[in-house]
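The structure appears right after this line, and notes come after that.
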Amino acid sequence: MLGRMSISRDGAELELPASRKLLALFAYLTLAPRAVARSQLCELLWDVPNDPRGALRWCLSKIRRIVDQPERRRVATPGDAVQFDLGDCFVDALEVLRASDAGIEKLAPERLRALSLLFDGEFLEGLEIERAPAFNGWLTAERRRFRSCHVALLEHLVDRVPDAQALEYLDRWLQLAPFDRRVHERLLSALVRCNRIREAETHLATATQSFENEGLDVAPIREAWRVARSQSTVATEAPVAIARPASSDVIVAPGPRRASIAVMPFVDDTVVVSHAHGSALAHDVITRLAQLRSLFVIAQGTVFALHERRIGPEEAGRMLNVDYVVSGSVRRDAARLVVSVELAETRTSRIVWAEEFRHGPDDAFAVLDEIGNRVVASIASEIETMERNRAILKPPNSLDAWESHHRGLWHMYRFTKADNERAVHFFEMAVQLDPTFARAHAGLSLAHFQNAFQRWVDRQQASDLAYDAAGRSLMVDDRDPAAHWAMGRALWLRGRIAQSVSEHERTIDLSPNFAMGHYSLSFVHAQAGDPNIAIASSDNARALSPFDPLLFGMFSTRAMSLVRLGQFEEAATWAVKGAARVNAHPHVLGLAALCLALAGSLDEARDYAAATRKTLPRYSVADFLDTFQMQPADAELYRQGAKRIGLG
């Protein structure tokens, strides 16, 4: 499929039917991850309403003759759907996708080379279908995806082989992505190391002209040339004249490193959906991601301009030199609005998160607003998880401020004393490396908060440290929601409840998509505020971040609120959900025991009490109440529950 489509059995190529729609159907079903409804296949390829199902049956009968054997049926028709089972077949496209999903960066050079040789042209070269816009749209998207995979393979191969071999792969990479600055930077460096200075100068002049004609920034390529040339001791003849850029052409680096992201306009897949919807959603996501202040977000004008030039998401991500790229589509499906979103890692062309959101026939822009909330929260959560996991695998002495911060988060979310000590260390490293990094100060504040909350150290001293670090975060960036979140938590430790609520409300005002802001507002209200607000805030936090490391806390604040409302059985249900999370700390287990006791489930309550005391042998209701800031009447309820199970 990576070139003109061909099928072979036992080394002999088979003669393919002349029908282009048959081949298109074959290709589509080969890559489909699950069974596809016949109605969807008919809409994909047959726009004439004569007898699309009859045409589909005819195509499937021909395909069966190609791939089925007496002892092996590979075309299945479960219900009113169609599915291929090609588990015992070799498919070049599937081989590349599996490698991408597993992580191209992990592959050995031999495997990278073998995969790169599978590409013999454009994906399904020459297989466009007239009057089949749905299929051609799919084909365009797949071609972009496989081109990006090909580029990722070549990039990692270039980094693993000697320069003399790398030049061949660099040439192929350059043909696929002529405006990917990384290929130009590597090509110049490789040519210099191979003492081919004149060729490097000629290439730089050509690249400069091409980039300037497209209005693209060529300064990073010139800088790569300067560095490579300064490291070379080979004399050169008179250099090729290179035009210097105007000062307005140079893009100033955005300061200390952050993860970067580009959000491409969402494609409108049906004429029923206004073009404004896809653009509006992309604009909304860009704005809200920028409000989070944790990522470097490419401006709307840049990505929209690339989209207008029909540059796909993967290529745009490389041209912009970002870490991640978001793309998606908007369509109507049986009166429902369907939004599909993908988050891809640029350098490996790996899709790290994908989701489909479906909504009924409500006001379209109101629905897009709700979807925008969920998309932004999901993107932020997925990137944070990726960055945490990447940071934990690097040697500690090689971390920059961004990586140190995420390594601190990795340890902090384990909720053990030893891990929290490591978290403090890495957050302190982050703020030393970059004192202007507000999130690192906020992370340090939260680590000190944990020390105080869990009483792992002197509570007063840790509270003061949490407050001081939160203050530094606010001084660095008063518009970062995480800074106000940290200050709200620190104020709660000091018993300044009204001010804590105000800070958390400010957090949500700055970024309605910041799940931790909703959770912390629930945390404070659950103990000393309005329990109904606490429940709503807990629900908002879970909706925005359903796989959050602090999910146990979101469950627990809901349980506390229900206790205050006298709904003990429901409270016990939510408390048990919190206790079931693998990183739940002893106070969460203690809450489950107390809620179950209030609900009358005494045997189960005693089991959770025993689990709590397995970690903290002398744990009692006094420890629980000293940790939180309950109202007197609510504290008395918990004491009554504790008496029933011997947790006094």
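Any read-out appearing in this document is the output of simple, stated calculations on the displayed coordinates, not a laboratory observation. Since the model is a prediction, treat every value here as computed from it, not as a measurement. Cβ coordinates were reconstructed from backbone atoms using ideal geometry, including for glycine residues, and neighbour counts include every protein chain displayed.
Structural remarks
- Pair-distance distribution P(r) for the chain, from all Cα-Cα distances in 20 Å bins starting at 0: 16, 41, 33, 10, 0 percent.
- Sites Gln432 and Asp478, calculated FRET efficiency, Cβ-Cβ separation with R0 25 Å, nearest 0.05: 0.70
- Separation of the Asp623 and Thr206 label points, Cα + 7 Å toward Cβ, nm: 7.1 nm
- Gain in span if fully extended, Arg414 to Ala81, counting 0.36 nm per residue against the direct Cα distance: 115.4 nm
- Label-to-label distance, Glu382 versus Gln631, with points set 7 angstrom from Cα along the beta-carbon direction: 4.2 nm.
- Of every Cα-Cα pair in the range 260-390, the percent that sits beyond 20 Å: 40 percent
- Under the convention that each Lys and Arg Cβ holds +1 and each Asp and Glu Cβ holds -1, the size of the dipole of the chain around its Cα centre is about 1180 debye.
- Full extension of the segment from Ile533 to Glu356, taken as 0.36 nm per residue of separation minus the current Cα-Cα distance, would add 60.8 nm.
- Note on Arg196/Val582: beta-carbon distance plugged into 1/(1 + (r/R0)^6) with R0 of 45 Å gives a FRET efficiency of 0.20.
- Segment Leu176-Asp88, length gained on full extension (0.36 nm per residue, minus Cα span): 28.5 nm
- Dipole magnitude of the range 260-390 about its Cα centre (Cβ charges: Lys, Arg +1; Asp, Glu -1), debye to nearest 20: 280 debye
- Options Leu306, His484, Pro586, ranked by Cα towards positive dipole end of the chain, top entry (Cβ charges): Pro586
- C-alpha long axis of helix 20-31 to longest principal axis of the chain, angle in °: 30 degrees
- Relative contact order (percent, whole number), the range 260-390, Cα cutoff 8 Å, 6+ residue spacing: 26 percent
- Residue exposure sequence - Met429, Met487 - by fewest surrounding Cβ within 10 Å: Met429, Met487
- For the range 1-150, the Kirkwood radius over C-alpha pairs fed into Stokes-Einstein at 10 °C and 1.306 mPa s yields D = 96 µm² per second.
- The longest part of the chain holding none of the exposed loop chymotrypsin sites (Phe, Trp or Tyr not before Pro), meaning those outside H, G, I, E and B in DSSP with at most 10 other Cβ atoms within 10 Å, is 91-546.
- Helix 133-158 and the long axis of the chain differ in direction by around 90°, with both axes built from C-alpha atoms.
- The residue list Thr615, Cys194, Gln432 was ranked by how far each Cα lies along the charge dipole of the chain toward its positive end, using unit charges on Cβ atoms, and Thr615 comes out on top.
- A simple spin-label model places pseudo-atoms 7 Å from Cα toward Cβ; at Glu110 and Ser19 they are separated by 4.3 nm.
- The charge dipole of the range 379-521, taken about the Cα centre with unit charges on the Cβ atoms of Lys, Arg (+1) and Asp, Glu (-1), comes to about 420 debye, rounded to the nearest 20.
- The chain, relative contact order [Cα under 8 Å, separation at least 6], %: 7 percent
- Toward the positive end of the charge dipole of the chain, with +1 on the Cβ of Lys and Arg and -1 on the Cβ of Asp and Glu, the farthest Cα among Ala452, Asn136, Gln499 is that of Ala452.
- Cα-based helix-to-principal-axis angle, 92-102 vs the chain, degrees rounded to 10: 30 degrees
- For GluC sites (Glu not before Pro), the sites in the range 1-81 that DSSP calls loop and that have at most 13 other Cβ atoms within 10 Å are Glu15, Glu71.
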